[in-house]
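Report on one structure; see the data block that follows.
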Amino acid sequence: MVKITIAQNILAANDTIAGEIQQNLSAHGIRTLNIMSSPGAGKTTLLERTIERLRGRLSIGVIEGDVETSADAERIEAAGAQTVQINTRGACHLEAHMIRDALAQIEVASLDLLVIENIGNLVCPAAWNLGEDTRVVVVSTTEGDDKPAKYPQMFAASEVMVVNKLDLLPYVDYDLQKVKRQALAINPHLRIFELSCRTGEGLDTWCEWLITVVKGVRV
Amino acid sequence: MHELAIAQSIVEAVEAKAVECNATSVKGVRLKVGEASGVVTDSLSFCFEMLVSLNPVLAGAHLLIDDVPHRAYCRHCDKDFAVTNFVAQCPTCQEWSSEVISGTELQIIEMEIESS
């Protein structure tokens, strides 16, 4: 019996592909976001509203991850962005090789911003690097105010947190300050946006930030 | 649920290394798994056993996991401390300016093989 030293990250194969994706997109001057949340927090609606507001200012491409259906890709395409749908057929997260394959179907050179909408899940997507520049976690006022404490890895791994459905605050028992406190305790550098995709409140600030990101001002 | 995908990544990496080393069989694999890596080690062991039972080179290989605690270092106090629930606040000075020094590991350390 012989012992062989391996000393490599378990997800090294994924990280290698993610590194190639990031290099390729950066070479084209494209910024990439990986958007994650639990199901129903409003990732797709946030993208729809963002694409509508930034029409003519930013060219946005979207990779839509869902377990099944192309419903979200159809919504995004209708909003006016180049879209590729990935169906994972049961898998709980996207992996870098899926993004590489999806990119082959996008006219990358024409983009300013690529947004990857991950599978609705606050656990698994945090472990897989997809070649993104920035990770955004979306939470909403209807899903309970204990999400950062319950799913800390997701908040530790993100640079940005969006709190959506602000318009519903008067009707739900959601302590916004508590959510922010919990999230910042896990990740003191987290940049936070509070908005409502339904009323449009806070969307301008979010969109202006996206423009600065694309112009190369890092978070 | 992603433990199956992680177990699959381990099997693929070990199998590639085994071929490289002309191994006839892999008897054991040792990992380092951090407390903050998001991996449930019981589930990972279960998925690993299931996958190796289907693999001619790795059949019967045992999995050894070294758990790594989540710890951070406080520059202000020049001390390291245990991180609880991902909150890296120094228990002595209450500063947030600490840096995580361990607990996010997800590594294959070594394998035991038999070769021809």
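Ignoring ligands, DNA and RNA, what percent of the 1.4 Å accessible area of the protein assembly as shown is carbon and sulfur? Here it works out to 49 percent. Extension gain, A:SER110-A:THR88: 0.36 nm per intervening residue step, less the Cα-Cα distance, totals 5.3 nm. When Rg and the Kirkwood radius Rh are both evaluated on Cα atoms of the protein assembly as shown, their ratio Rg/Rh stands at 1.00.
Tell me which of A:LEU210, A:THR5, A:ILE106 sits at the most positive position along the dipole axis of chain A, charges placed on C-beta atoms (Lys, Arg +1; Asp, Glu -1). So the residue furthest toward the plus end is A:THR5.
How much FRET efficiency would the formula 1/(1 + (r/R0)^6) give for A:ALA78 and A:LEU169, where r is the Cβ-Cβ distance and R0 is 45 Å, rounded to 0.05? E between A:ALA78 and A:LEU169, to the nearest 0.05, is 0.95.
A viscosity of 1.567 mPa s and a temperature of 4 °C, combined with the Kirkwood radius over C-alpha pairs in the Stokes-Einstein formula, give chain B a diffusion coefficient of 83 µm²/s. For B:ARG30, the shell of other residues with beta-carbons less than 14 Å away shows a net charge of -1, using +1 for Lys and Arg and -1 for Asp and Glu. For the range A:175-204 versus the range A:13-47, the inter-centroid distance based on Cα atoms is 20 Å. Rounded to the nearest 10 degrees, the inclination of helix B:41-52 to the longest alpha-carbon principal axis of chain B is 20 degrees. Projecting label points 7 angstrom from Cα along Cα→Cβ for B:GLU114 and A:VAL67 puts them 4.2 nm apart.
Rolling a 1.4 Å probe over the heavy atoms of the protein chains gives chain B an accessible area of 51 Å² per residue. Placing pseudo-labels 7 Å out from each Cα toward the beta carbon at B:GLN8 and B:LYS79 gives an inter-label distance of 4.6 nm. In this rough spin-label picture, where each label sits 7 Å from Cα along the Cβ direction, the A:SER26-B:LEU54 distance is 3.7 nm. Interface size, chains A and B: roughly 2400 Å² of accessible area buried, both sides included, 1.4 Å probe, rounded to the nearest 100.
Considering only A:GLY40, B:ALA61, B:SER25, the residue lying farthest towards the positive end of the dipole of the protein assembly as shown is A:GLY40, judged by Cα position with unit charges set on Cβ. Charges were assigned to the Cβ only: +1 to each Lys and Arg, -1 to each Asp and Glu. The resulting dipole of chain B about its Cα centre is roughly 120 debye.
What does the net charge come to around A:GLN22 if you take all other residues with beta carbon closer than 13 Å to its beta carbon, with K and R at +1 and D and E at -1? Its environment carries a net charge of -1.
Under the criterion of Cα pairs below 8 Å and six or more residues apart, the relative contact order for chain B equals 36 percent.
If a/c stays under 1.5 just call it rounded; otherwise compare a/b with b/c (prolate if a/b is bigger, oblate if not). Do that for the range A:41-164, with a ≥ b ≥ c from the square roots of the Cα gyration tensor eigenvalues. The shape class here is prolate. In loop segments of the range A:163-219 as defined by DSSP, the GluC sites (Glu not before Pro) with at most 15 further C-beta atoms inside 10 Å of their C-beta are A:GLU201.
Given +1 at the Cβ of Lys and Arg, -1 at the Cβ of Asp and Glu and no other charges, the dipole of the protein assembly as shown around its Cα centre is 640 debye to the nearest 20.
Local charge sum around B:HIS62 (other residues, Cβ-Cβ under 11 Å, Lys/Arg +1, Asp/Glu -1)? Overall, the nearby charge balance is 0. Just need the relative contact order of the range A:10-138 here, percent rounded to a whole number, with Cα pairs under 8 Å and 6+ apart. So the answer I get is 44 percent.
As a length-normalised measure over Cα pairs under 8 Å and 6 or more apart, the relative contact order of the range A:101-219 settles at 23 percent.
In degrees between 0 and 90, to the nearest 10, how far off the longest principal axis of chain B does helix B:3-20 point, with axes built from Cα atoms? Computed tilt is about 60 degrees. The residues A:VAL2, A:VAL108, B:VAL19, sorted by heavy-atom accessible surface at 1.4 Å with ligands and nucleic acids left out, run B:VAL19, A:VAL2, A:VAL108 from largest to smallest.
The values are calculated or read from the model by the stated rules, or taken from the named source; none is laboratory data. What you see is a predicted model, and the numbers here were worked out from it, not measured in a lab. FYI the Cβ positions are ideal-geometry reconstructions off the backbone, even for glycines, and counts take in every protein chain you see. Remember, those area values only see protein heavy atoms, side chains included, never the ligands or the DNA or RNA. Shrake-Rupley method; radii C 1.70, N 1.55, O 1.52, S 1.80 Å.
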